[in-house]
């Protein structure tokens, strides 16, 4: 995926009123409920930016992720990372708050596709609004394994939070 150019039947775009969300089911009721009832409100209030995966010209949502800004205490970073950062009390990062794929597409690369889109979008944004990493909060070990496959690393004091430095993301798309 990184560095590869290939045609895809999928498109990722900002969530809008035209997107059909009612049939979305990823197997996690909280993630399903968020897309159906909260994502639009979060976008309007600018607390999260939801992006949706659709196929061809269809408006049915097949997956989604959210991005938002987050500040992370300098003491929360692993020591080797914190030593390379400025001595500010907090540093900026991008939070990928959610990532979910329609059940019938799970295990077929759609999640990888969405993750790469989120990382690329985060990298582009970090060139205008600073962020040192992309952060994810994982709900279980299966999700953690998915992100670790892409070199995400656990935080020092939070086993449910992982990060990927912007420098590594930049190399993915070089």
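Computed quantities for the displayed model
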read-out	value
Residue identified as outside any helix (DSSP H, G or I) and either at positive phi or more than 16 Å from the chain's Cα centre (by Cα) (or both) among 36, 84	84
Yes/no for residue 111 being under 29 Å from residue 10 (Cα atoms), within 13 Å of the chain's Cα centre (by Cα) and either exposed (fewer than 14 other Cβ atoms within 10 Å of the Cβ) or modelled with pLDDT under 95 (or both)	yes
Single residue of 106, 124 found to be out of contact with any strand residue (DSSP E or B) (no Cβ under 6 Å at 6 or more places or on another chain) and at pLDDT 95 or above	124
For residue 18: the one exception among (1) touching a residue at least 40 places away in the same chain (Cβ under 8 Å); (2) surrounded by fewer than 11 Cβ atoms within 10 Å (Cβ to Cβ); (3) within 18 Å of residue 121 (Cα to Cα)	(3)
Considering residues of the stretch 74-108 that are crowded, with 18+ Cβ neighbours inside 10 Å and in contact (Cβ under 8 Å) with a residue 60 or more places away in the chain only, the residue farthest from residue 21 (Cα to Cα)	81
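Quick grid of which residues meet (1) touching a helix residue (DSSP H, G or I) at 6+ places or on another chain (Cβ under 8 Å); (2) farther than 15 Å from residue 113 by Cβ; (3) at pLDDT 95 or above:
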position	(1), (2), (3)
8	yes, no, no
13	no, no, yes
34	no, yes, yes
62	yes, no, yes
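The values are calculated or read from the model by the stated rules, or taken from the named source; none is laboratory data. Owing to the predicted nature of the structure, the values given are computational and were not obtained by experimental measurement. Here Cβ is always computed from backbone atoms with ideal geometry, including for glycine, and neighbour counts include all displayed protein chains.
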